[in-house]
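Handing you a structure now.
Bear in mind that the values in this text are calculations on the coordinates, not laboratory data. Source: prediction; values computed, not measured. Ideal geometry is used to build each Cβ from the backbone, glycine not excepted, and the neighbour counts take in all protein chains shown.
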């Protein structure tokens, strides 16, 4: 039976996914990103790969008998001076330069596909972990509904530029767009900007497509 590789970054989710995948009958191999992955994978066959060693990661996944891979977990970008890409990574970076993180992930997925390794979504192994579409809290009046529509339009316009997955609006005004600080960082940053005496602020969040 073909195996499933999990490329693991920071946080608990990679280990949760690996446990869930195993409970579903998957034979799981862990590819830990060195200096990033921090969960306990002692119950799994695991290999360490430094960030930038894309060719080695592909070879490990293929040689372990995996035909699918899941990428999950946070990755903190090191200074460029500390990133030492291997020959495969240099070629991939050249293809994705200036096109953002989404483009780089697609290029990596294509690179793995050339070796017969399919990149699959983590959702199937994390039931209930993804927030469903819709209103998460409270009720919307017409004004807040307009803010939702405006926020969705902003995210549609920015999506092609690989900018943000979230936006906060209040009274028709965009207060913040998610940047490199991530969702939690954005929400902390804009808390003082929200007027508690006005219409409730609206946070519109989209997953990357």
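For Cα pairs less than 8 Å apart in space and 6+ apart in sequence, what is the mean separation divided by the residue count of the range 142-205, i.e. the relative contact order in percent?
Values: 85 pairs, mean separation 24.3, N = 64.
Reported relative contact order: 38 percent.
As a test, work out the antiparallel percent of DSSP beta bridges whose residues both lie in the chain, rounded to the nearest 5.
Numbers: 9 of 27 bridges.
Restricted to the chain, the bridges split so that about 35 percent are antiparallel.
Over the Cα atoms of the range 142-205, what radius of gyration and what Dmax do you get, in Å?
11.2, 35
With 29 Å as the cut-off, how large is the P(r) tail for the range 60-209, expressed as percent of Cα-Cα pairs? Mind showing how you got there, number by number?
On the way: 3703 of 11175 pairs.
Cα-Cα pairs in the range 60-209 separated by more than 29 Å: 33 percent.
In nm², what is the average projected area of the convex hull enclosing the Cα atoms of the range 3-125? Please report the intermediate quantities before stating the final value.
On the way: hull surface 28.1 nm².
For the Cα atoms of the range 3-125, the hull's average projected area reads 7.0 nm².
Taking the 0 to 90 degree range and rounding to the nearest ten, how far is the long axis of helix 13-23 tilted relative to the main principal axis of the chain, both from C-alpha atoms?
60
Another question about this same structure. Which residue fluctuates the most in the chain, going by a Gaussian network model with Cα springs under 10 Å, if the choices are 156, 110, 142?
Checking each option, the largest mean-square fluctuation is seen for 142.
Among DSSP beta bridges whose residues both lie in the range 3-125, state the antiparallel percentage, nearest 5. Mind dumping the intermediate values first?
Numbers: 1 of 19 bridges.
So the antiparallel bridges amount to about 5 percent of the total.
Using a Gaussian network model on the chain with a 10 Å cutoff between Cα atoms, which of 106, 22, 173 fluctuates the most?
Looking only at 106, 22, 173, the biggest GNM fluctuation is shown by 173.
Right, another one. Using a 10 angstrom cutoff on alpha carbons, build the Gaussian network for the chain and name the most mobile of 83, 112, 104.
The residue that fluctuates most here is 83.
Still on this structure, I have one more. Normalised by the residues of the range 20-129, what does the relative contact order come to in percent, with Cα pairs under 8 Å and at least six apart?
On the way: 106 pairs, mean separation 29.5, N = 110.
Once divided by the residue count of the range 20-129, the mean separation gives 27 percent.
Give me the distance in nm between label points sitting 7 Å out from Cα along the Cα-to-Cβ direction at residue 157 and residue 194, one decimal.
2.3
Counting other C-beta atoms within 10 Å, which of 48, 40 has the fewest, and how do the rest follow? Please list the in-between numbers first.
Numbers: 48 14, 40 10.
Going from least to most buried by this count: 40, 48.
On to the next question. In percent, what relative contact order does the chain have, based on Cα pairs under 8 Å that are 6 or more apart in sequence? Write down the numbers at each step before the final one.
Working: 302 pairs, mean separation 34.0, N = 209.
For the chain, the relative contact order is 16 percent.
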